[in-house]
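Report on the following structure.
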Amino acid sequence: MNYNEFQIRFNKELKSKIHRDVFFDSLFIGGAIAATIILQLIAPFFFAIFYEGSIFERLVAFQDDVVALSLLSGVTLVIPFAIVAAIKKPGVKDIYTPKLKDGGAVLGLLFAAFGAAMAANLFSGFIVWTAEQAGVFINAPEIGAGSAGYDVFGKTCFCFFISVIPAICEEFAFRVVTLGMLRKYGDGFAIVVSSLLFSLLHGNFEQIPFAFLCGLALGYVAVATGSVFISMAVHFGNNFISTLLTALDVSDMVQYRIIILFVIIGIIAAILLRARKKLVRLNRPIMPATRGGLYGMFFVSPLTLISSLFLLGTACLMLEIY
């Protein structure tokens, strides 16, 4: 059911029902995130059997295997959210209604979203630099560094593989299931919440701001185009370029120039889309008075609250103050 703000403007009973609905939807989504966390904590002990040495040496070897870690992250994320999708089938059945059939507009949105993702990279870099000036070092994995020893072709294949898995699995979890379940409360609400959860699951303060801003762009392009495959393409492109630049040991100055170039292309694409009136308006939120209550009811749900606090705590443990 898609709620209409005029139906609930003076209907307190319906307003309460909406709050209850978002609370129970949050239980399912928070449960999937909690299950993902638990699986990611225990799965390494099973994967470690494929390595040699003591259990500690096996775990260390597994943690150093970027490809295995990427597979683990994808599988442990997809399984819980696939279960939620199966249970809440009416909530994720007709997730998107295609709104753009103009191929040029879809391509323009893809470039605009990709430019937004690159801009989020710049913002993330600024956050890291600001923290370092304040004496705080943010630990974050450099995925592309795991390709050391490969030639250029090998590094390219390596970066492709570890970029495509998160693009598919994370988009399924957050743009298909999470955003799809929450769109009945308003597109804006669904995009913001799915982006917040998407960012928290990255587990460190270098990637959290980036993932939140990137998630907003991915959510908008998925809703606007009516296709999660477009957001997957943007997600993959961002991951691939970021990891490849690191793997090829490209200097920071050249990386920033490349990123800025993509940002400029994205801005031009957005301007052209606006000029052609091809930017899709999001569905209105239910109503301003209800919107704040929705955020509160969603994040007060025990499983969502505990999972969010755990992920924030994990991110805090990645900080070093000097």
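Structure notes:
- If the Kirkwood radius is taken over C-alpha pairs of segment 208-273, then at 4 °C and 1.567 mPa s the Stokes-Einstein diffusion coefficient equals 99 µm²/s.
- Segment 112-122 - phi-based ³J(HN,Hα) in whole Hz, Karplus 6.51/-1.76/1.60, Gly and Pro as x: 5, 5, 5, x, 5, 5, 5, 5, 5, 4, 4
- Placed amide H near residue 137: partners under 5 Å, 5+ positions off or other chain: 320, 321, 322
- Filter on 17/88; 17/277; 17/278; 17/89; 88/277 - keep pairs with C-alpha separation over 26 Å: 17/277; 17/278; 88/277
- Across segment 255-268, rounded Karplus estimates of 3J(HN,Hα) from the backbone phi angles (6.51 cos²θ - 1.76 cosθ + 1.60, θ = phi - 60°) give 4, 5, 5, 5, 4, 4, 4, 5, 4, 4, 4, x, 5, 4 Hz, Gly and Pro being marked x.
- For segment 72-86, Karplus couplings with θ = phi - 60° (6.51, -1.76, 1.60), whole Hz, Gly/Pro x: 4, 4, x, 5, 5, 8, 5, 4, x, 6, 5, 5, 4, 4, 5
- Scoring 261-267, 172-178, 118-124 by mean Cβ neighbours within 10 Å over their residues and listing the highest first yields 172-178, 118-124, 261-267.
Every read-out reported here was derived from the displayed coordinates using simple, explicitly stated rules and does not represent laboratory data. Fair warning: this is a prediction, and the values are worked out from it, not measured in the lab. Methodologically, a virtual Cβ is constructed for each residue, glycine included, from the backbone with ideal geometry; neighbour enumeration extends over all protein chains shown.
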